[in-house]
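The values are calculated or read from the model by the stated rules, or taken from the named source; none is laboratory data. Keep in mind it's a predicted model, so treat the numbers as computed, not measured. No Cβ is skipped: glycine too gets one built from the backbone with ideal geometry, and neighbour counts run over all protein chains shown.
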Amino acid sequence: MTTYASPIGSSLKRVDGPGKISGLEKYAADYYPDNFLWAGAKRSDHPHALIKEIDISPVRNLPGIFAVLTHEDIKGANRVGVPEMDQPVLADRKVRYKGDPVALVLAENKTVLQEAIDKIVIKYEPLPAVFDPEAALAENAPLLHENRNDKNLLLGGRVVRGNSIAAMSECDAVAEADFQLPWQEHAYLETEAGVARVDEEGILAIIASTQTPWRDRNELAYALGWPLDKIRVIAPYLGGGFGGKDGITVQGLLGLAALHSGGRPVKMWNSREESFLSSTKRHPGRVHYELGCKKDGTLYAMNCRIVLDTGAYASLGGPVLALAMEHAAGVYRIPHALIEGFSVYTNNPVGGAFRGFGAPQVLAGLEQMMDILADKIAWDPLAFRLKNAVMRGDETGAGVWMSNSTAIIPCLEKLQEHPLWTSRQAWVSQAPPFKLRGVGIAAGLQGTGYGPMVADIANAKIELLPDGRFRIYSGVADMGQGNNPTNVQIAAEVLGQTADCFELIQPDTLQTLPSGSSAASRTTYSYGNALKAAALQLKERILTRACNMGMGLYAEDFLLSSGRLNHLPSGREIPLGLVAASMRPEERVSIYSYTAPVNRYPDKINPDIRAAGFPHRVFAFACHLARVQIDELTGEVEISDYLAATDAGKVLNPQLYEQQVQGGAVQGMGYALWEDFKLDRGELMTRNLATYILPTSMDVPDILSIAVESVEESGPFGMKGIGEIVINLALPAIANGIARAVGQHIFKSPLTAEQLLLILEKRAAE
Amino acid sequence: MKIAFELNGIKQEIDYLPDRRVVDLLREELGYTGTKEACGSGECGACTILVDGVSKLSCLMLAAQLQGRSITTIEGMSPGKKLHPIQQAFVDKGAVQCGFCSPGMLMATVDLLQRNPAPDRQQIRAALSGNLCRCTGYQKIIDAVESAAAEMRDKL
């Protein structure tokens, strides 16, 4: 048996694997407590309307109905959301999108629940509605939220560097384009779910599929008017999240239901259609770029205007805009830049956090601009990127300093020497009949953590158990990325233990410590830093205690290994349980609070944008390559090969790293080619997985991953977050490949077969 | 209505509404929550179980259809303490992230390897194309199935 395995850098098997593949791991959706009631929402079928009357009389006495609740039953502020608390748990005065919950039914079974939901009558007075963010900015547009100085503008701002207007006229080549980006649905397999109950002591306990147990707790206290110290939120492993569970989904309704269920447990589990309707999505948007360079290939000026549709409620629409602006100049030095951003309320479903958090939208545009401009000056697109890419110490066009590890140039160089790139011309020329081929690349970055104005704090807790094993209290939810299994790997490294010496507690506001959201590529970075320090502190305490007990003279004479201490000078072996027995319970628990570093420099942006998270300090980088083959007869795009070169710092676990690269790239391929979330005047047109098309195993290739391992000095063991950078570049890389194949760019995504077929037909006609 | 069937090798006779779905019977009534539901309309494969050894979607089956059948859920895949070679391969090859699609993927894989003990990657992709995964990009799932197939062939 291995007594000591150095786990960092090895593909240690995920400790959550066996439970998940045997069906024994319990997700939030898997709880069916004794005597529980089902809860479900009656949702608005108007995009914008005043609520005149909620008539629950047809259902109040239906057999099997326990209660029907409206906003009048809510004791608190009835508002959730971060940073703006503008979303009602149950709509009060008016509804703002088709899907806004208006009443909540508690029933003995799902059949009765649905019957009651259908029978509730709500009388509305329809209001004019607005579905386009540009139209919503117009002077006389209907207002979503009254009494806002900025009317429908949730957040707006600009970044100004140099004088881009004047500089543009000094450029030798200028390209301009307007990109239309679609909604993207997270489509995690486990739809929003949870159970809740108020116990005899008045503790409201909620087990929910959530990325934010701590924030949920605060919001629930405020919205429902229940004391914070009487709310407990537990986050088991999530069946996927990707940002869609970054905040309240069913928790507000569940909490409300539990406060009115006479002590009975309550369960909610959204159907897929309800999930599509009510959950947040990636913000659709328009991104306008004007990009200019000198004939020596130096980027010189950029104008960028970003308009994002945040839908009926703010959710994280402000921070998403701030990050879109921050990432709008990508990985390039551009001395003159103007970046304007607008996040706008409309009567559409709610835009929110989604892996990439604003970066995919802007990089989709910018990286196509780079190809268009490279062509204008007849430069190789890769050489053009290399010429302008940032190094550590540089400032991007958005005015963001690369103060930490910055290995985008090595990523580009990896691509440049790779056969998929060097042999591209031969591959393109060997296209079979009725097929067109093209090879595209794209480069980009992704900030880690919360930015300068919101402290990114993680509080780690680890305990030496009386039997000599260890327990890690994970503070950050695990939505599938494996941050909590990685906690075992980190603690195992510090404490010299094997993985089986640990047990893992999932986030629980009663047992674990607040450590922020499972988001922002921060989970392993922030919590890992805290845990590493907490484990080190515990190790020192164990060694010191062993000396106190007379087991040895000096701490450095001990080797800590699986379940024991080896005293090297004497050869004695001491079971850890023995040391644990001599420690008081509070000594066996080590906690450490870590705050991530931020950059605070005089900025060129308005304070609102900075408050929303601009800029970051630590960035991950990547460069992707896609070889695409287009069927001339159907317009269908096949991704033949795909390569991702990633700088996410040192790789803690190659297997988990590849999981992120592969999964993120494929989610990005869906965004690029198939995932077309359609709305018609606020009405959801793609209501299920038959109409909203996710990539299947048949649609995507194997993905080649090259890890470019910079050493990030601030990250645990030199790592940086990888969760988001992986999704940012599929769309522009594929779009650039398609453009090379068909001879023109398509500015509206997804790049559907229909769009391509039209272009091909037009080309054939000419 | 009384419904008699075999569940993971154990005879069951229960009184259940014949028009309720099999996935509800398994999860709500019998507590076998390893079988997941992610779309409720046969589009995702998360609720895949084996009925008389053949993979079926339990969200599209009614309880009455189980009469006289033998069904296997994820909980019955490895009756002993040891994981089934396919499960072991999923763990070893990193085929599991959030894990919500895994039970359905595993059931579909059992069905595939019964029909074709030596599938190539494309055949694996085709066989699992009815099972959606939103985390992995499928690659490590294909790796795992390939590896499990080889392992199981070696044991024959």
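Condition check ((1) closer than 20 Å to A:Leu729 by Cα; (2) touching a strand residue (DSSP E or B) at 6+ places or on another chain (Cβ under 6 Å)) across all residues:
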{"position": "A:Gly292", "(1), (2)": "no, yes"}
{"position": "A:Tyr300", "(1), (2)": "no, yes"}
{"position": "A:Cys304", "(1), (2)": "yes, yes"}
{"position": "A:Ala312", "(1), (2)": "no, no"}
{"position": "A:Leu316", "(1), (2)": "no, yes"}
{"position": "A:His336", "(1), (2)": "no, yes"}
{"position": "A:Ile339", "(1), (2)": "no, yes"}
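Out of everything in region A:649-703 that is hydroxyl-bearing (Ser, Thr, Tyr) and either at pLDDT below 95 or within 18 Å of the chain's Cα centre (by Cα) (or both), what residue ends up being farthest from A:Met479 (Cα to Cα)? Reasoning before the result, please.
First, pick out the residues of region A:649-703 that are hydroxyl-bearing (Ser, Thr, Tyr): A:657, A:671, A:686, A:691-692, A:696-697.
The next check asks that each one be either at pLDDT below 95 or within 18 Å of the chain's Cα centre (by Cα) (or both); those that pass are A:657, A:671.
On the way: A:Tyr657: 15, A:Tyr671: 20 Å.
Once the filter is applied, the top-ranked residue is A:Tyr671.
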Review point. Is it fair to say A:Gly241 is within 14 Å of another protein chain (Cβ to nearest Cβ), buried (at least 22 other Cβ atoms within 10 Å of the Cβ) and in contact (Cβ under 8 Å) with a residue 40 or more places away in the chain?
Key: yes
Review point. Can you name the number of the only condition in (1) without any contact (Cβ under 8 Å) to a residue 40 or more places away in the chain; (2) more than 30 Å from A:Ala546 (Cα to Cα); (3) not in a helix (DSSP H, G or I) that A:Ile409 fails?
Key: (3)
Revision key, fill the gap. The condition of being crowded, with 24+ Cβ neighbours inside 10 Å and away from every other protein chain (no Cβ under 14 Å) holds, among A:Ala257, A:Ala235, only for A:Ala257
Exercise for review: Only residues in region B:71-82 that are farther than 20 Å from B:Met61 by Cα count as the first member; pair them with residues that are hydrophobic (A, V, I, L, M, F, W, C), Cβ under 8 angstrom, at least 6 apart or cross-chain, and list the lot.
Suggested key: B:Met77/B:Ile86; B:Met77/B:Leu106; B:Met77/B:Met107; B:Met77/B:Val110
Study note, to complete from the structure: Here the qualifying pairs (Cβ atoms under 9 Å; residues six or more apart or on different chains; first in region A:707-724 and crowded, with 24+ Cβ neighbours inside 10 Å; second among the basic types (Lys, Arg) and not in a loop (DSSP other than H, G, I, E, B)) come out as A:Pro716/A:Lys532
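For region A:606-707, please list each of the strands (runs of 3 or more DSSP E) lying entirely inside it that holds at least 3 residues being more than 14 Å from every other protein chain (Cβ to nearest Cβ).
On the way: elements: A:619-631, A:637-647, A:703-707.
By residue number, A:619-631, A:637-647.
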Study note, to complete from the structure: Within region A:184-227, the residues that are crowded, with 23+ Cβ neighbours inside 10 Å and either assigned to a loop (DSSP other than H, G, I, E, B) or modelled with pLDDT under 95 (or both) are A:His186, A:Ala187, A:Tyr188, A:Leu189, A:Glu190, A:Thr191, A:Glu192, A:Ser209, A:Thr210, A:Gln211, A:Thr212
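Take the residues of region B:128-149 that are without any contact (Cβ under 8 Å) to a residue 12 or more places away in the chain and either more than 16 Å from the chain's Cα centre (by Cα) or assigned to a helix (DSSP H, G or I) (or both): which is surrounded by the fewest Cβ atoms within 10 Å (Cβ to Cβ)?
Filtering region B:128-149 down to residues without any contact (Cβ under 8 Å) to a residue 12 or more places away in the chain leaves B:129, B:137, B:139.
Those left that are additionally either more than 16 Å from the chain's Cα centre (by Cα) or assigned to a helix (DSSP H, G or I) (or both): B:137, B:139.
Values: B:Gly137: 31, B:Gln139: 26.
Top of the filtered list is B:Gln139.
Would you confirm, using the coordinates I've provided, whether A:Ile248 is over 30 Å from A:Phe677 (Cα atoms) and either part of a loop (DSSP other than H, G, I, E, B) or more than 14 Å from chain B (Cβ to nearest Cβ) (or both)? Walk me through how you get there before you give the answer.
Values: over 30 Å from A:Phe677 (Cα atoms): no; either part of a loop (DSSP other than H, G, I, E, B) or more than 14 Å from chain B (Cβ to nearest Cβ) (or both): yes.
No.
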Point to revise | Residues located in region A:12-23, provided they are within 8 Å of another protein chain (Cβ to nearest Cβ), in a loop (DSSP other than H, G, I, E, B) and not basic (Lys, Arg) | key: A:Asp16, A:Ser22, A:Gly23
Review point. Taking the condition surrounded by fewer than 18 Cβ atoms within 10 Å (Cβ to Cβ), assigned to a loop (DSSP other than H, G, I, E, B) and away from chain B (no Cβ under 14 Å), does A:Lys26 pass?
Key: no
Check your understanding: Within the bounds of region A:263-275, is there any residue that is in contact with a Phe, Trp or Tyr (Cβ under 7 Å, 6 or more places away or on another chain) and either surrounded by fewer than 23 Cβ atoms within 10 Å (Cβ to Cβ) or modelled with pLDDT under 95 (or both)?
Key -> yes
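Can you name every residue in region A:613-654 that is on the phi < 0 side of the Ramachandran plot, small (Gly, Ala, Ser) and buried (at least 24 other Cβ atoms within 10 Å of the Cβ)?
Quick first cut of region A:613-654, residues on the phi < 0 side of the Ramachandran plot only: A:614-634, A:636-648, A:650-654.
Add one more test, that the residue is small (Gly, Ala, Ser), and what stays is A:620, A:622, A:626, A:640, A:644-645, A:648.
Selection gives A:Ala620, A:Ala622, A:Ala626, A:Ala644, A:Ala645, A:Ala648.
Of the residues that sit in region B:17-38 and are part of a loop (DSSP other than H, G, I, E, B) and within 21 Å of A:Glu273 (Cβ to Cβ), which one is nearest to the other protein chains (Cβ to nearest Cβ)? Give the derivation first.
Step one: of region B:17-38, the residues part of a loop (DSSP other than H, G, I, E, B) are B:17-20, B:30-38.
Retained after the next criterion (residues that are within 21 Å of A:Glu273 (Cβ to Cβ)): B:19-20, B:35-38.
Working: B:Asp19: 10, B:Arg20: 9, B:Thr35: 7, B:Lys36: 7, B:Glu37: 8, B:Ala38: 4 Å.
Within region B:17-38, the match that is nearest to the other protein chains (Cβ to nearest Cβ) is B:Ala38.
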Revision key, fill the gap. Checking A:Leu510, A:Leu436 in turn, the sole residue that is surrounded by fewer than 24 Cβ atoms within 10 Å (Cβ to Cβ), touching a residue at least 40 places away in the same chain (Cβ under 8 Å) and out of contact with any helix residue (DSSP H, G or I) (no Cβ under 9 Å at 6 or more places or on another chain) turns out to be A:Leu510
**Study point:** Residues satisfying the stated conditions in region A:499-530, i.e. among the β-branched types (Val, Ile, Thr) and touching a Lys or Arg at 6+ places or on another chain (Cβ under 8 Å)
**Key:** A:Ile505, A:Thr509, A:Thr512
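May I ask you to verify whether A:Arg545 is farther than 18 Å from A:Ala491 by Cβ, at pLDDT 95 or above and touching a Ser or Thr at 6+ places or on another chain (Cβ under 8 Å)?
On the way: farther than 18 Å from A:Ala491 by Cβ: yes; at pLDDT 95 or above: yes; touching a Ser or Thr at 6+ places or on another chain (Cβ under 8 Å): yes.
Taking the combined requirement at face value, the residue satisfies it.
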Exercise for review: Go through (1) surrounded by fewer than 24 Cβ atoms within 10 Å (Cβ to Cβ); (2) within 21 Å of A:Pro701 (Cα to Cα); (3) of a type in the set (Lys, Arg); (4) touching a residue at least 24 places away in the same chain (Cβ under 8 Å) one by one and return the number of the condition B:Arg125 breaks.
Suggested key: (4)
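Going by the conditions given, is A:Glu139 part of a strand (DSSP E or B) and surrounded by fewer than 17 Cβ atoms within 10 Å (Cβ to Cβ)? Can you show your working first?
Numbers: part of a strand (DSSP E or B): no; surrounded by fewer than 17 Cβ atoms within 10 Å (Cβ to Cβ): yes.
In short, no.
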Review point. Are any of the residues in region A:367-387 out of contact with any His (no Cβ under 9 Å at 6 or more places or on another chain) and within 30 Å of A:Thr249 (Cα to Cα)?
Key: no
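Quick one: in region B:122-141, of everything that is of a type outside the set (Gly, Ala, Ser) and more than 7 Å from every other protein chain (Cβ to nearest Cβ), which residue is nearest to B:Val110 (Cα to Cα)?
We begin by selecting, within region B:122-141, every residue of a type outside the set (Gly, Ala, Ser); these are B:122-125, B:128, B:131-136, B:138-141.
Filter once more, keeping what is more than 7 Å from every other protein chain (Cβ to nearest Cβ): B:122-124, B:131, B:133, B:141.
Numbers: B:Gln122: 17, B:Gln123: 14, B:Ile124: 11, B:Asn131: 13, B:Cys133: 17, B:Ile141: 13 Å.
Selected residue: B:Ile124.
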Check your understanding: For A:Asp34, are the conditions met, namely being within 14 Å of another protein chain (Cβ to nearest Cβ) and either among the aliphatic types (A, V, I, L, M) or touching a Phe, Trp or Tyr at 6+ places or on another chain (Cβ under 8 Å) (or both)?
Key -> no
Review point. Taking strands (runs of 3 or more DSSP E) that fall entirely within region B:39-100, which contain at least 1 residues that are of a type in the set (A, V, I, L, M, F, W, C) and away from every other protein chain (no Cβ under 14 Å)?
Key: B:48-51, B:54-57
Point to revise | Members of region B:62-84 found to be over 14 Å from the mean Cα position of the chain (by Cα) and surrounded by fewer than 24 Cβ atoms within 10 Å (Cβ to Cβ), listed by number | key: B:Leu62, B:Ala63, B:Ala64, B:Gln65, B:Gln67, B:Gly68, B:Arg69, B:Pro79, B:Gly80, B:Lys81, B:Lys82, B:Leu83
